[in-house]
Amino acid sequence: MGHRGFSFGVAAALALLVGASGSAGPPTPRDDGKAFGELLRPRAAGNARTMPTPATVPNFVPGVPAESSYYSAPATLAPAAAAAAPTSTGYATVTTSIASRPTFARVDLDATVARGKTVSADPMTYVDGYGVAGTPGACVPLPPGGPSGATYEATCNTGYVEIPPVIRSCAIILTHQFGVANRYECSDYDWTGNRVDNCAIFDTSGCTRTGSRPGRCLQGNYPRCTEPGEPIVQLSCPVVVPGGSLLGTSIVYVGSTPDDTACATWRASATCRADPGICTDSTPTTRIIRGVPVTQPCWAWTRAYTCGGGVSPTPQNDCSSLEAMGCTFLREDCLTGPGPCLTTDRVYRCAVPAGPADKTQFICDGDVYCLGGECDTVVRTPNTEFKNAAVALNAASQAGKEFDPDNLTLFKGARTTCGKAIFGFYNCCVPRGFPVLASCSAAEKALAVNQKKGLCAYVGSYCSNKSLFGICLEKTEAHCCFLSKISRILQEQGRQQIGKPWGDPRTEKCLGFTLTEFQSLDLSRMDFSEVYAEFTDAAQLPAELATTTAMQTKITDYFNARMP
């Protein structure tokens with residue numbers, strides 16, 4: 001018999017079984033059991049949602065229980081339990097159950113797991129046929145998860161940019177001044193005896209007395225002159241003196257002056273600022289200029305002028321990408337205060353994008369169970385409390401994992417930062433779904449990964465590099481990252497409940513809740529919609545596949561045992 005014939009045979013046998021259980025007649029024990037279960041369902045659901053009280057707890061004796069003595073002496077609890085164990089009915093029940101529970105061979109367990117993996121890899125092959133009602137059966141892949149309603153905060157910037165200045169440079173050289181020295185000799189009184197000029201004729205010619213030599217000897221002769229006469233004055237005159245006896249002419253060094261004629265344009269500009277000159281020619285220090293030795297520590301310079309620059313006349317922004325994503329503006333923080341705000345940080349609230357579909361999950365026909373050769377349809381009632389229960393259980397589990405016994409705190413985070421150039425190409429603080437630059441640090445890349453997982457809370461931004469004009473050139477974002485998404489939600493919304501906002505982004509340490517703070521949180525007021533979809537998807541594993549396969553196996557066994 002082929003595959004299609006086998007499916008038809010299964011459907012026919014299943015129709016007979018269903019018809020037998022659904023025929024008119026007195027209720028069977030199975031019908032009574034189903035009715036009793038439906039009767040208890042509302043009561044069980046109500047008890048699960050109701051806070052227990054002393055009156056509703058069975059066998060609870062009001063007052064201070066005797067076990068409270070162990071609060072102050074916990075070391076006595078273990079010996080007391082060991083002494084009571086031999087006569088305890090509960091202890092005996094548990095130990096007997098453990099000792100007598102059935103065991104399974106490893107080969108049987110491996111075979112069961114292997115078959116389950118085979119069915120999960122190709123579910124369509126194993127449920128192709130007919131459902132309980134005789135209609136064709138099929139498996140439908142779960143649709144992609146839609147937006148959960150959860151949000152995250154992203155930032156962008158508005159403000160002014162710095163106009164870069166223009167650097168100009170020019171060369172400065174030395175100009176040397178030389179003069180003509182006209183040599184004369186004169187005497188103030190005995191010019192006739194000394195046979196030189198009268199010094200009076202040189203008084204108005206700017207002459208300089210450069211030295212003297214002996215005049216005529218009045219008594220004796222040189223070098224044994226016993227009465228020397230008036231000495232002869234030696235003069236250097238810049239001009240030829242009329243009436244004077246010119247003895248000779250020579251070139252003399254007067255001085256040197258820096259010549260910055262090449263810098264005249266930028267020196268005269270009010271928008272240019274001169275930097276100190278840099279010597280470009282310093283050796284040798286003594287040079288022969290026009291036959292005269294001249295000594296200078298530096299012979300030429302280069303001077304730079306910083307011209308222009310400042311603040312742009314119109315502001316800019318890079319918020320278009322967040323606005324295109326439909327993000328909602330929340331607030332604006334100044335990055336350059338106090339004083340006029342030249343750079344602002346705009347904070348937006350953005351929707352968490354929907355995740356990709358999981359192609360390994362299916363919803364299948366044949367939601368039935370079989371027992372003793374009889375099959376029945378499973379009637380499912382949606383449980384609207386599942387998501388809240390799952391979140392509460394997960395939160396309790398995370399509290400146990402993240403308790404810090406040293407500081408007695410819960411849900412402590414780790415401070416992580418990233419950097420971004422304002423209106424520049426360098427940006428390692430990207431929103432979810434955007435790629436991270438390869439030049440970003442390992443910590444910044446890890447932050448982007450944790451943000452995508454929903455593990456990080458945005459604390460704030462601060463300017464980490466400011467220009468001379470007060471414009472923020474680079475900002476740093478601070479984030480607190482946690483071990484789970486629920487931990488992050490508890491921190492974000494719990495801080496709002498107890499009035500504990502994030503601190504200064506420069507110093508925030510992402511500390512956890514104290515035990516008192518955590519006990520004051522009201523989880524029922526928190527929005528965990530961001531994680532609801534994850535728990536729901538995790539609960540929609542293809543358990544129907546295993547049920548349907550078991551049904552087919554039991555029906556096949558039924559026919560094999562009863563057909564000749």
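Things to note:
- Cβ pairs under 7 Å, 6+ apart, first in region 218-242 and under 15 Å from Tyr189 (Cβ atoms), second among the hydroxyl-bearing types (Ser, Thr, Tyr) and assigned to a strand (DSSP E or B): Glu230/Ser187; Pro231/Ser212; Ile232/Ser187; Ile232/Ser212; Val233/Ser187; Val233/Ser212
- Residue check, Cys463 over 18 Å from Val352 (Cα atoms) and touching a residue at least 12 places away in the same chain (Cβ under 8 Å): yes
- Listed by first and then second residue, the pairs linking a residue in region 79-90 that is within 20 Å of Ser69 (Cβ to Cβ) to a residue that is part of a helix (DSSP H, G or I) and open to solvent by 70 Å² or more (accessible area, probe 1.4 Å), with Cβ atoms under 8 Å apart and 6 or more places separating them unless they lie on different chains, are Ala84/Tyr91; Ala85/Tyr91.
- Residue within region 409-431 that is modelled with pLDDT under 90, over 26 Å from Ile163 (Cβ atoms) and out of contact with any strand residue (DSSP E or B) (no Cβ under 9 Å at 6 or more places or on another chain) present: no
- Asp260 being within 30 Å of Pro164 (Cα to Cα), open to solvent by less than 70 Å² (accessible area, probe 1.4 Å), without any contact (Cβ under 8 Å) to a residue 40 or more places away in the chain and among the charged types (D, E, K, R): no
- Among the residues of region 174-204, just one is aromatic (Phe, Trp, Tyr), closer than 13 Å to Pro242 by Cα and touching a residue at least 60 places away in the same chain (Cβ under 8 Å), namely Tyr184.
The rows are residues; the columns are (1) surrounded by fewer than 15 Cβ atoms within 10 Å (Cβ to Cβ); (2) touching a helix residue (DSSP H, G or I) at 6+ places or on another chain (Cβ under 8 Å); (3) among the basic types (Lys, Arg).
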{"site": "Ala396", "(1), (2), (3)": "yes, no, no"}
{"site": "Ala399", "(1), (2), (3)": "no, yes, no"}
{"site": "Asp406", "(1), (2), (3)": "yes, no, no"}
{"site": "Thr416", "(1), (2), (3)": "no, yes, no"}
{"site": "Ile422", "(1), (2), (3)": "no, no, no"}
{"site": "Tyr426", "(1), (2), (3)": "yes, no, no"}
{"site": "Gly433", "(1), (2), (3)": "yes, yes, no"}
{"site": "Ser441", "(1), (2), (3)": "yes, no, no"}
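- Residue within region 133-141 that is open to solvent by less than 90 Å² (accessible area, probe 1.4 Å), modelled with pLDDT of 70 or more and under 50 Å from the mean Cα position of the chain (by Cα) present: no
- Subset of region 264-280 [over 13 Å from Thr306 (Cβ atoms) and more than 45 Å from the chain's Cα centre (by Cα)]: Ala264, Thr265, Ala268, Cys279, Thr280
- Cβ pairs under 8 Å, 6+ apart, first in region 292-309 and of a type in the set (D, E, K, R) and surrounded by 15 or more Cβ atoms within 10 Å (Cβ to Cβ), second assigned to a loop (DSSP other than H, G, I, E, B) and modelled with pLDDT under 95: Arg303/Asp260; Arg303/Asp275; Arg303/Pro276; Arg303/Gly277
- Filtering region 492-551 to residues that are at pLDDT 90 or above, charged (D, E, K, R) and either touching a His at 6+ places or on another chain (Cβ under 7 Å) or not in a helix (DSSP H, G or I) (or both) leaves Lys500, Asp504, Arg506, Glu508, Lys509.
Conditions tested, residue by residue: (1) of a type outside the set (Lys, Arg); (2) in contact with a His (Cβ under 8 Å, 6 or more places away or on another chain); (3) closer than 23 Å to Tyr160 by Cβ.
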| residue | (1), (2), (3) |
| --- | --- |
| Ser256 | yes, yes, no |
| Arg267 | no, no, no |
| Trp299 | yes, no, no |
| Thr306 | yes, no, yes |
| Asp318 | yes, no, yes |
| Cys334 | yes, no, yes |
| Tyr348 | yes, no, yes |
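- Restricting region 335-349 to residues that are over 18 Å from Arg506 (Cβ atoms) and out of contact with any strand residue (DSSP E or B) (no Cβ under 6 Å at 6 or more places or on another chain), the residue that is most open to solvent (accessible area, probe 1.4 Å): Pro340
- Region 187-211 - residue that is assigned to a helix (DSSP H, G or I) and of a type in the set (Phe, Trp, Tyr) and, of those, most open to solvent (accessible area, probe 1.4 Å): Trp191
- Test: Thr280 is without any contact (Cβ under 8 Å) to a residue 12 or more places away in the chain and open to solvent by 80 Å² or more (accessible area, probe 1.4 Å): no
- Among residues of region 43-64, those that are open to solvent by less than 90 Å² (accessible area, probe 1.4 Å) and either more than 28 Å from Ser524 (Cα to Cα) or more than 48 Å from the chain's Cα centre (by Cα) (or both), counted: 3
- Where a residue in region 419-448 is at positive phi and its partner, wherever it lies, is part of a helix (DSSP H, G or I), with Cβ under 9 Å and at least six apart: Gly433/Lys452
- The residue of region 465-489 that is farthest from Asn394 (Cα to Cα), among those that are at pLDDT below 95 and of a type in the set (Ser, Thr, Tyr), is Ser467.
- Conditions (1) under 23 Å from Ala171 (Cβ atoms); (2) in a strand (DSSP E or B); number of the one not met by Pro276: (2)
The values are calculated or read from the model by the stated rules, or taken from the named source; none is laboratory data. Model, not experiment: these values are computed from the prediction. A quick note on method: Cβ atoms are made from the backbone with ideal geometry, for glycine too, and the neighbour counts reach across all protein chains shown. The accessibility values were calculated without ligands, DNA or RNA, using every heavy atom of the protein model including side chains. Shrake-Rupley method; radii C 1.70, N 1.55, O 1.52, S 1.80 Å.
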